[in-house]
Amino acid sequence: MKDYFKNVWLGVWTALIGMRITIDHLFRKNVTVQYPNVHPKDKAGWMDMPSNARNRLYVDMDECNGCNSCARACPVNCISIETVRSVPGDAPPPLASGGKRNLWVSQFEIDFTKCCFCSLCTEACPTGAIVMTTEFEYSSYNRYDLVYNFVKLQNSMSDEKIAEVKEKWAEHQKEKKKEAVEPK
Amino acid sequence: MEEANFVFNMIGENWIAFAIISLLPMIFLLAYALIAILGELKISAFIQERLGPMRTGPWGIIQPVAEVVKLLQKEDITPDSANKPLFNLAPFIMFAASYAGFAVIPFSSYFVPSGINLGLFFLLAVGSLGIIGLLMGGWASNNKYSLLGGLRAVAQIVSYEIPAAMVILTIAVMAGSLDLQEIIRQQSGWFWNWFVFGGSGGWIKIIFLPFSFIMCIIYIIASLAETNRTPFDIPEGESELVAGYHTEYSGMKFAMFFFAEYANMFIVSAIITIIFFGGWNSPFGDFMGGPIWGVFWFVSKAFVFVFLQIWLRWTLPRLRVDQLMYVSWKVLLPFSFVCFLALSLLVMLK
Amino acid sequence: MEDLLFYLFAFVVIGSASVVVLSKNIMYSAFSLLFTFFGVAGLYVLLFADFVALTQIMVYIGGILVLIIFGVLLTTKITGVDIKSGTTGKVQLITASVVVVIIAISLILLFTNVEWVNQEFVQPNTTIDSIGFAFMTKYLLPFEIAAVLLLIALVGATLIARRK
């Protein structure tokens with residue numbers, strides 16, 4: 001009997017608590033941004049996107065060591081990386097954060113028509129080179145414009161340089177083969 | 001006072017007057033439906049800290065017009081395997097039942113479409129008429145969700161009619177009349193004469209205040225269930241039954257169901273206003289009294305309860321079927337019996 | 001005006017009642033009852049029996065009809081119910097026809113032969129007061145007996161529902 005009245009009282013009381021919460025929210029400031037008319041960046045109280053917003057990816061080529069972790073983590077295979085191994089004595093410049101690099105990253109393509117913004121690549125990256133940005137307005141009339149090659153975009157390696165390192169590696173391979181065939 | 005109706009006073013009791021009287025609530029209902037749809041959209045949006053519709057008109061205020069136009073021009077689909085006569089009849093019965101309730105609603109001391117002596121009983125009786133439309137639509141759709149929705153709706157409405165009837169019985173005892181105008185007239189004066197505060201009378205009514213408050217709450221809960229609004233919307237629970245009894249309806253016929261639901265919302269709000277909150281009486285004695293202000297007071301009081309219904313919809317989650325029955329039979333009914341006895345005692349002491 | 005309404009309601013009652021009887025779809029029969037009850041309520045209103053009319057709507061449409069439809073929904077064969085059940089033979093047909101004809105003839109004779117007294121009619125303002133007084137004074141015992149009967153039915157129904 002006591003439980004019954006307590007239950008009824010709780011039922012009414014909790015409903016009232018819920019109503020207080022909703023009426024409180026009724027008079028709060030709305031968070032919606034009227035996007036095409038108002039840019040989120042322009043709206044007061046919206047300094048920028050939230051820190052965990054997931055939009056267009058950015059790759060800092062000075063930080064990338066070509067480990068391919070991001071491409072392997074990508075569930076939709078939108079990242080394709082080509083690397084060229086460096087010959088001894090001609091190592092690529094070290095990472096901006098100071099780590100060693102053994103690979104020349106000759107191509108780093110992200111196909112944003114495929115990207116699903118899952119952010120798994122940023123978690124896989126050991127150097128923090130690939131990050132999510134707050135940029136989201138990058139639609140295009142041509143879908144090939146959405147395939148971003150960050151090597152070209154940041155001009156981290158010119159075409160001649162790529163050809164040169166490839167040539168060097170090929171020579172190095174040949175020398176190695178020769179050494180293997182005719183040991184001294 | 002004689003049955004006052006300003007239309008009869010103006011043009012006499014003839015056919016035109018009857019036509020005008022029967023159409024006036026319809027005009028009100030159309031305007032009200034637009035406001036209520038907008039209110040539902042905007043209040044739900046603001047409660048969730050959204051903006052709601054913003055594109056149609058300034059701040060989206062003509063969104064309901066757009067919705068109505070959309071519904072009117074949609075294709076009117078009748079499923080192949082549905083029972084066509086009953087399928088087409090159901091929305092009309094639903095709407096007719098809702099609109100019938102407006103026949104006795106006193107909008108002002110000088111306007112009530114039909115001032116019959118049994119207004120309160122009429123509202124109770126007509127309220128149970130819509131069930132048939134529900135059941136008909138649910139069965140004729142030949143869809144398992146519709147049928148389940150219809151059955152649930154009937155089980156729910158039939159059980160919640162009993163506490164509601166108990167409350168109405170109590171009001172009949174307190175007012176000594178079933179005439180809605182008479183009930184309202186007894187609550188004239190300041191707001192403490194309203195039946196929610198125990199009606200007019202001496203200070204002894206303070207002892208009985210909790211009972212009349214509980215009665216009011218019981219009626220609000222029961223009326224929510226009778227209009228199938230959240231938290232009692234199990235007949236059309238989207239997550240379980242798609243849309244319940246009107247799953248198969250589209251276009252104009254869906255609009256009629258929709259319209260009937262909103263009309264029902266207003267009718268129960270009007271009943272709460274009439275029986276507990278003094279109808280068209282001004283809350284402050286003679287301040288802003290009179291028949292024209294009466295319309296204002298009546299409509300604004302009723303809109304407060306429409307707002308309450310919308311507010312509750314976005315606050316409380318849906319009840320389970322067994323909880324629904326528990327609330328009706330094991331909570332509302334015993335409480336209403338006790339309150340009925342207590343308030344009858346108050347009437348005897350007066 | 002009243003005559004017109006009377007014929008309208010009478011037509012609704014008879015038309016829907018014949019659908020109830022003749023329809024092969026039991027669902028149509030159940031839903032036609034709605035119009036029958038409603039028409040009867042209208043006839044009550046024309047007889048100035050407003051309380052009885054509303055009770056008709058409340059009890060018959062809101063309660064009994066819903067229960068009937070529930071019952072019909074629980075039956076397996078909703079459409080195509082054969083009105084002549086298999087065992088109905090000519091014997092039953094003839095007997096039934098004879099009984100119906102006898103009842104009809106006696107009713108017609110009754111109507112035509114009895115000298116009906118046309119009482120001076122006073123339009124009552126409301127019937128509910130007189131109904132209430134009659135229930136509480138002259139017909140108190142039948143009223144109470146009916147109440148006790150309903151209470152017994154209620155208790156019995158609860159008892160049956162409780163038993164596993």
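Tell me which residues, restricted to the stretch B:239-265, are assigned to a helix (DSSP H, G or I) and more than 21 Å from B:A33 (Cβ to Cβ).
B:S239, B:E240, B:L241
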**Study point:** helices (runs of 4 or more DSSP H) wholly inside the stretch B:266-350 containing at least 1 residues that are surrounded by 16 or more Cβ atoms within 10 Å (Cβ to Cβ), away from chain A (no Cβ under 14 Å) and of a type in the set (F, W, Y)
**Key:** B:291-313, B:333-349
**Study point:** Check on A:T83, surrounded by 17 or more Cβ atoms within 10 Å (Cβ to Cβ), of a type in the set (S, T, N, Q) and within 14 Å of chain B (Cβ to nearest Cβ)
**Key:** no
Revision key, fill the gap. Restricted to the stretch C:8-64 and to residues being among the polar types (S, T, N, Q) and at pLDDT 85 or above, the residue nearest to B:W139 (Cα to Cα) is C:S32
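Okay, residues lined up against (1) of a type in the set (V, I, T); (2) under 26 Å from B:I131 (Cβ atoms); (3) in contact with a strand residue (DSSP E or B) (Cβ under 9 Å, 6 or more places away or on another chain); (4) surrounded by 17 or more Cβ atoms within 10 Å (Cβ to Cβ):
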residue	(1), (2), (3), (4)
B:P163	no, yes, no, yes
B:L180	no, yes, no, yes
B:I183	yes, yes, no, yes
B:N193	no, no, no, yes
B:V196	yes, no, no, yes
B:I207	yes, no, no, no
B:I221	yes, yes, no, yes
B:A225	no, yes, no, yes
Exercise for review: Go through (1) closer than 30 Å to B:I157 by Cβ; (2) among the polar types (S, T, N, Q); (3) at pLDDT 80 or above and name the single condition C:T127 misses.
Suggested key: (3)
Exercise for review: Output yes when any residue across the stretch A:124-136 is among the charged types (D, E, K, R), more than 16 Å from the chain's Cα centre (by Cα), over 18 Å from A:R72 (Cβ atoms) and loosely packed, with under 15 Cβ neighbours inside 10 Å, and no when none is.
Suggested key: no
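Conditions (1) assigned to a loop (DSSP other than H, G, I, E, B); (2) away from chain C (no Cβ under 14 Å); (3) aromatic (F, W, Y); (4) farther than 26 Å from B:R313 by Cα, marked per residue:
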| position | (1), (2), (3), (4) |
| --- | --- |
| B:M10 | no, yes, no, yes |
| B:S22 | no, yes, no, yes |
| B:A36 | no, yes, no, no |
| B:S44 | no, yes, no, no |
| B:G52 | yes, yes, no, no |
| B:P64 | no, yes, no, no |
| B:F87 | no, no, yes, yes |
| B:A90 | no, no, no, no |
Review point. Do any residues in the stretch B:187-210 that are within 19 Å of B:F287 (Cα to Cα) have Cβ atoms under 7 Å from those of residues that are among the charged types (D, E, K, R) and assigned to a loop (DSSP other than H, G, I, E, B), where the two are at least six apart or on different chains, and which pairs are they?
Key: none
**Study point:** From the options B:G115, B:G149, B:G133, residue that is touching a Pro at 6+ places or on another chain (Cβ under 8 Å), more than 10 Å from chain C (Cβ to nearest Cβ) and buried (at least 23 other Cβ atoms within 10 Å of the Cβ)
**Key:** B:G149
Review point. Residues in the stretch A:63-76: is at least one at pLDDT 80 or above, surrounded by 13 or more Cβ atoms within 10 Å (Cβ to Cβ), assigned to a helix (DSSP H, G or I) and out of contact with any Cys (no Cβ under 7 Å at 6 or more places or on another chain)?
Key: yes
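I'm checking my understanding of the structure. Among residues of the stretch B:66-85 that are under 30 Å from C:V19 (Cβ atoms) and not β-branched (V, I, T), which one is farthest from the other protein chains (Cβ to nearest Cβ)?
B:D76
A quick yes/no check of all residues on (1) in contact (Cβ under 8 Å) with a residue 60 or more places away in the chain; (2) outside any loop (DSSP other than H, G, I, E, B); (3) farther than 24 Å from A:Q107 by Cβ:
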position: A:E137; (1), (2), (3): no, no, yes
position: A:D145; (1), (2), (3): no, yes, no
position: A:V151; (1), (2), (3): yes, yes, no
position: A:S156; (1), (2), (3): yes, no, no
position: A:E160; (1), (2), (3): no, yes, no
position: A:V165; (1), (2), (3): yes, yes, no
position: A:W169; (1), (2), (3): yes, yes, no
position: A:H172; (1), (2), (3): yes, yes, no
position: A:K177; (1), (2), (3): no, yes, yes
Exercise for review: Give the residues of the stretch B:119-153 that are out of contact with any Phe, Trp or Tyr (no Cβ under 7 Å at 6 or more places or on another chain) and within 16 Å of B:E236 (Cβ to Cβ), sorted by residue number.
Suggested key: B:G130, B:I131, B:G133, B:L135, B:W139, B:N143, B:K144, B:Y145, B:L148, B:L151, B:R152
Study note, to complete from the structure: Scanning the stretch C:41-72 for residues that are more than 11 Å from chain B (Cβ to nearest Cβ) and either in contact with a helix residue (DSSP H, G or I) (Cβ under 6 Å, 6 or more places away or on another chain) or surrounded by 21 or more Cβ atoms within 10 Å (Cβ to Cβ) (or both), the one farthest from B:L178 (Cα to Cα) turns out to be C:L43
Study note, to complete from the structure: Residue hits (the stretch A:18-56; loosely packed, with under 11 Cβ neighbours inside 10 Å, modelled with pLDDT under 75 and not aliphatic (A, V, I, L, M)) are A:D42, A:G45, A:D48, A:P50, A:S51
Exercise for review: Would you check if B:L148 is in contact (Cβ under 8 Å) with a residue 60 or more places away in the chain and within 25 Å of B:F28 (Cβ to Cβ)?
Suggested key: no
Study note, to complete from the structure: Note on B:I168: of the conditions (1) closer than 19 Å to B:L224 by Cβ; (2) within 11 Å of another protein chain (Cβ to nearest Cβ); (3) of a type in the set (V, I, T), unmet is (2)
Review point. Going by the conditions given, is C:F51 in contact (Cβ under 8 Å) with a residue 40 or more places away in the chain and of a type in the set (A, V, I, L, M, F, W, C)?
Key: yes
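Quick one: is B:E40 within 19 Å of the chain's Cα centre (by Cα) and within 14 Å of chain A (Cβ to nearest Cβ)? I'd like the intermediate steps shown before the answer.
On the way: within 19 Å of the chain's Cα centre (by Cα): yes; within 14 Å of chain A (Cβ to nearest Cβ): yes.
When the stated conditions are applied, B:E40 passes them.
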Practice item. Could you please find all residues in the stretch B:118-130 being out of contact with any Pro (no Cβ under 8 Å at 6 or more places or on another chain) and in contact (Cβ under 8 Å) with a residue 12 or more places away in the chain? Key: B:L118, B:L120, B:F121, B:F122, B:L123, B:L124, B:V126, B:G127, B:S128, B:L129, B:G130
Review point. Across the stretch B:111-153, what is the number of residues that are outside any helix (DSSP H, G or I), aliphatic (A, V, I, L, M) and farther than 19 Å from C:Y60 by Cβ?
Key: 2
Review point. For the stretch C:88-105, does any single residue satisfy the condition of being modelled with pLDDT under 80, over 21 Å from C:T36 (Cα atoms) and surrounded by 10 or more Cβ atoms within 10 Å (Cβ to Cβ)?
Key: yes
**Study point:** Qualifying residue in the stretch B:166-188 (condition: modelled with pLDDT of 85 or more, over 30 Å from B:L71 (Cβ atoms) and of a type in the set (S, T, N, Q))
**Key:** yes
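The values are calculated or read from the model by the stated rules, or taken from the named source; none is laboratory data. The model shown is predicted, which means the values in this text are computed figures rather than measured ones. Every residue, glycine among them, receives a Cβ derived from its backbone with ideal geometry; neighbour counts consider all protein chains shown.
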